[in-house]
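The values are calculated or read from the model by the stated rules, or taken from the named source; none is laboratory data. Here the structure is a predicted model, which is why all the values come from computation and not from measurement. Positions of Cβ are backbone-derived with ideal geometry, glycine not excepted, and every protein chain shown enters the neighbour counts.
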Amino acid sequence: MRFAKRQRLLDRASFERVQGGASTLKASSRHFTVLVCARAAPAPARLGVIASRRVGSAVHRSRAKRLVREFFRARAAAFGAVDIVVIVKSGAHELSAAEAAAELASALTRTKTVAP
C-alpha cells in the first residue's frame, strides 16, 4: 500500500502549524517525539516525519522514517482528522518494526489520539 499524497504534510507551513500550535499535544518516547494537532475539516490523518542529521547517516534516517510510515499506514483510519509530526531521535533505525510500533502507539495513546 502506497503512502498517498493526501496522507502527508507537504509544506513548511503545515509542519510549523503542528509544531507551534497552541492546541498541539506532545508525547515523547526514547526514540520518537510525537506532536498531534486536530484539523478543523473532516479529512484523513496526515503525517510528517522529521529526521535530522543527528539521527545518523542517510541510510539510518531513511530506515527510521520507513518504520514510522509503516506504522502510520497500518493504523491511519484510527486517527481521525489530525495532523501528526513525528520527530525521530538517534537510535530509532536500530528498532525492529514491532518495537517502533510499540513506542509510537504508546506515545500516541498518551496524546489521547488513539484509544489504548
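Can you find even one residue in segment 2-23 that is among the small types (Gly, Ala, Ser), surrounded by fewer than 16 Cβ atoms within 10 Å (Cβ to Cβ), touching a residue at least 24 places away in the same chain (Cβ under 8 Å) and farther than 11 Å from ILE84 by Cβ?
No - not one qualifying residue is present in segment 2-23.
Between LYS26, LYS112, which is among the basic types (Lys, Arg), at positive phi and either in contact with a Cys (Cβ under 8 Å, 6 or more places away or on another chain) or touching a residue at least 60 places away in the same chain (Cβ under 8 Å) (or both)?
Of the residues listed, the single one that is among the basic types (Lys, Arg), at positive phi and either in contact with a Cys (Cβ under 8 Å, 6 or more places away or on another chain) or touching a residue at least 60 places away in the same chain (Cβ under 8 Å) (or both) is LYS112.
For segment 89-111, name all the residues that are farther than 16 Å from SER57 by Cα, part of a helix (DSSP H, G or I) and not charged (D, E, K, R).
ALA97, ALA98, ALA100, ALA101, ALA102, LEU104, ALA105, SER106, ALA107, LEU108, THR109
Give just the number: which of (1) modelled with pLDDT of 95 or more; (2) assigned to a helix (DSSP H, G or I); (3) not small (Gly, Ala, Ser) does VAL86 not satisfy?
(2)
Considering only residues that are under 19 Å from LEU35 (Cα atoms) and buried (at least 19 other Cβ atoms within 10 Å of the Cβ), look in segment 46-64 and name the one that is farthest from the chain's Cα centre (by Cα).
VAL55
With LYS65, LYS26 as the choices, which residue is out of contact with any helix residue (DSSP H, G or I) (no Cβ under 7 Å at 6 or more places or on another chain), within 15 Å of ALA107 (Cβ to Cβ) and at pLDDT 90 or above?
None of the other options fit; the residue is LYS26.
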